[in-house]
Structures are given as structure tokens and as C-alpha cells.
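Trainee: One structure, as C-alpha cells, below. Some questions next.
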Amino acid sequence: MAKRRKNVANSRKKPQGRRPLITLLVVALLIVSAFFLLEKLKKSVQVTIPEKPITKERHKMPVRTETVVVEQQPYTTAIAPLPPRHPRKRAFGPGTVAIIIDDMGSSVREADELMAIKLPLTFSIIPGLAHVKGVAEAAHVRGYQLMIHIPMEPRGYPQQRMERYGLLLSQSDEEIRKRLDGFLREVPYAKGANNHMGSRFTEDRGKMGTVLGYLKGKGLFFIDSKTTPLSVGNTLAREMGIENAGRNVFLDNVQDVEAIREQLEQLAEMARRKGGAIGICHPHKATIQGWTAAMPELRKSGITFVYAADLVR
């Protein structure tokens, strides 16, 4: 019995001596299997996921983080900077110039200052202004030529302001003639007429035909102020046999003495090339100062000043 128990004890001890070795072998086998499995998975991933192709970089606009508001400034020639003056050789030779002073009729003193320049100026008077009759009488007595500065409908009317007694496209021919009669009664010494504003009215052949027909019947000439390049004034006047001419240069759009002198020189050069030229300006102080400075030199260079009636054809 004792021997049997000993054998049983020995049989239980034998497995205990082999167990660590078997466990080590199993762990080693698992590690090797895991290694090969990982390698296989790695290769599989490399095969199924293609590499990203190389492309050229494209530059994109950065994302706007805020809105920038730019204030647009209204344009006006009155504040435009003047170009630098460069000395140039002045042209000399004969040339005839007529200067029309628009917008007259608001001040007799203004007219006296202009007549003191001793230049054959043509006064174009707007009917309905406060001192029309006083200006007309003073100028006529001293031998100055007068015109009617006829208010005509501009583009943008009625937002664009115009004298309440001016001519509109919506008026009948009878109403237009009636108003022209009133204008002539205010300026009875007028020798001709030109348009005040009228960038829309002067493009209409029908209404301009009514105005020109009236002027022809009264023996008055017409000078187109050319407030629009599409004006039919001169073309229609020639067709109707009316003495006419067109403005060549605006002298004082920029209220600066040097700028006005430059415009006067441009007018003189045009007169030399064409034989005669018409300038239009307004009774501003800067305009008078510009004339006073430029007139002696222009006269010395051969420029002759005449009334507007001398340049109509």
C-alpha cells in the first residue's frame, strides 16, 4: 500500500516538471504567429491603399474675415488737382476770338466790373433773374452785345434743377413760342440766343425746330452751347438757313486763375488754326482775374477780340 502511494505521488510530480517548458513553447509560438500576422496585414494595407498622387499646389484666395467698405468720393472738376505747367513756345499770328458771358442778369455791379475790362464781351442774359432789365440797359447803353440765354430741359430733370420758366419737351409748340416772346420782351436788345443747360432739349429735332423757327422769324442768330455732343442745334440751324455757330471752349469749369489762363491760351490757339473761335464763361471773380492777366499777352500775340455776332455764319 505504501509503495502504491509512492508511485502515485511520483506520477503527480512528473507533469509539474514539464509544464514550464510547454508554456514557454506555446508563448513563443504565439509570438511568432503574431509577428507573421502583423507583417501580412502590413503588406495588405500597402497594396490596397494607393499612394496619393503628387499634384501642383494651387494658391487660393484667403478667406475674408471682415468686410471693408470703401467710400466713393463724388467727382467734381472744381476740386480736381491742376496739372503742372510746363513752359512752352507760344504761337503767334492772327486769330479772332469772341467771349460770351453766360448767366448774366443777377447783378448790375457784376456787369459793371466786366465792362471795366474794356473788352468786346457778349452778355448772355437769363430771363427771369432779378436784375435782367438793369443789366440789359447798362450794357446796351455802353455798346455791348446782348443775347438771350434760353433755359432748356437738361438730362435728369426734374431731379436736375432748372429755372421754372424754362423750355420743356412736354410743352406744346404754342407754349414754347409764348415763353420765347416773354424772354424777348425782357431782353429787347438781344441780337441772338444760346441755350442754358438743355442737354436733353437740344437733342430733339422737333422742339429745337420750334425754337429756331422763332429765332429766324425775329432775325436772331443761334449759338449752340454744346452741353451735349448729340445736340442738333447747329445742323438744324444750317438746314433752316439761320446764322449760327458753336461753342469751342468752356473757359472756367475750374475756378482757378491759372486754369482759366490755360483755357484762354487753348482758345487762342484754336482761333489761329481755324480763323476764329468762341469761348463761353461766367461772371466769376477768378474768371475776371484770369482775363486781366492774360489779355495783354494775347493781344500782343495777334489775337483780336470781337462780339459773338461777328463769328456766326
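Trainee: Can you list the residues, at least 5 places off or on another chain, whose amide H is less than 5 Å from the amide H of residue 305, using H built in the peptide plane?
Mentor: Distant-sequence amide H within range of residue 305: 97.
Trainee: Once phi is turned into ³J(HN,Hα) by the Karplus curve 6.51 cos²θ - 1.76 cosθ + 1.60 with θ = phi - 60°, what whole-Hz value does each residue of the range 234-240 show in order, with x for glycine and proline?
Mentor: After applying 6.51 cos²θ - 1.76 cosθ + 1.60, I find 5, 4, 5, 4, 5, 4, 8 Hz.
Trainee: Moving on. In terms of modelled amide H atoms, which long-range or inter-chain residues lie less than 5 Å from the amide H of residue 224?
Mentor: Amide H to amide H, under 5 Å and 5 or more residues apart or across chains, residue 224 pairs with 245, 246, 247.
Trainee: What aspartates and glutamates does residue 274 reach when the alpha-carbon gap must be under 17 Å and sequence neighbours fewer than 8 apart in one chain are set aside?
Mentor: Answer for residue 274, where 17 Å is the Cα cut-off: 265, 310, listed by chain and number.
Trainee: Measuring from centroid to centroid over Cα atoms, what is the spacing of the range 152-178 and the range 280-306 in Å?
Mentor: Each part's Cα centre sits 33 Å from the other's.
Trainee: Using θ = phi - 60° and the Karplus form 6.51 cos²θ - 1.76 cosθ + 1.60, what ³J(HN,Hα) does each residue of the range 25-30 get, whole Hz, x for Gly and Pro?
Mentor: After applying 6.51 cos²θ - 1.76 cosθ + 1.60, I find 5, 5, 4, 4, 4, 5 Hz.
Trainee: Now, a different point. Give me the accessible area of residue 297, 1.4 Å probe, in Å² rounded to the nearest 10.
Mentor: Residue 297 has an accessible surface of roughly 80 Å² with all protein chains in place.
Trainee: No solvent, one uniform scatterer per C-alpha: report log10 I(q)/I(0) for the range 108-158 via the Debye equation at q = 0.23, 0.26, 0.27 1/Å, two decimals.
Mentor: Computed log10 I(q)/I(0) values: -0.83, -1.00, -1.06.
Trainee: A further question follows. Enter the accessible area of residue 282 (Å², nearest 10), with the probe set to 1.4 Å and all protein chains included.
Mentor: 40
Trainee: Quick one: 3J(HN,Hα) in Hz for the range 223-233, Karplus 6.51/-1.76/1.60 with θ = phi - 60°, rounded, Gly and Pro as x.
Mentor: 10, 7, 6, 6, 7, 8, x, 9, 4, 9, x
Trainee: When the chain is fully extended, how far beyond the present Cα-Cα distance does residue 28 get from residue 112, taking 0.36 nm per residue of separation? Write down the numbers at each step before the final one.
Mentor: Values: separation 84, 0.36 × 84 = 30.24 nm, distance 12.39 nm.
In short, 17.8 nm is gained.
The values are calculated or read from the model by the stated rules, or taken from the named source; none is laboratory data. Only a predicted model underlies this, so the values are computations on that prediction, with no experimental measurement involved. All accessible areas refer to the heavy atoms of the entire protein, side chains included, with ligands and DNA or RNA removed. Shrake-Rupley method; radii C 1.70, N 1.55, O 1.52, S 1.80 Å.
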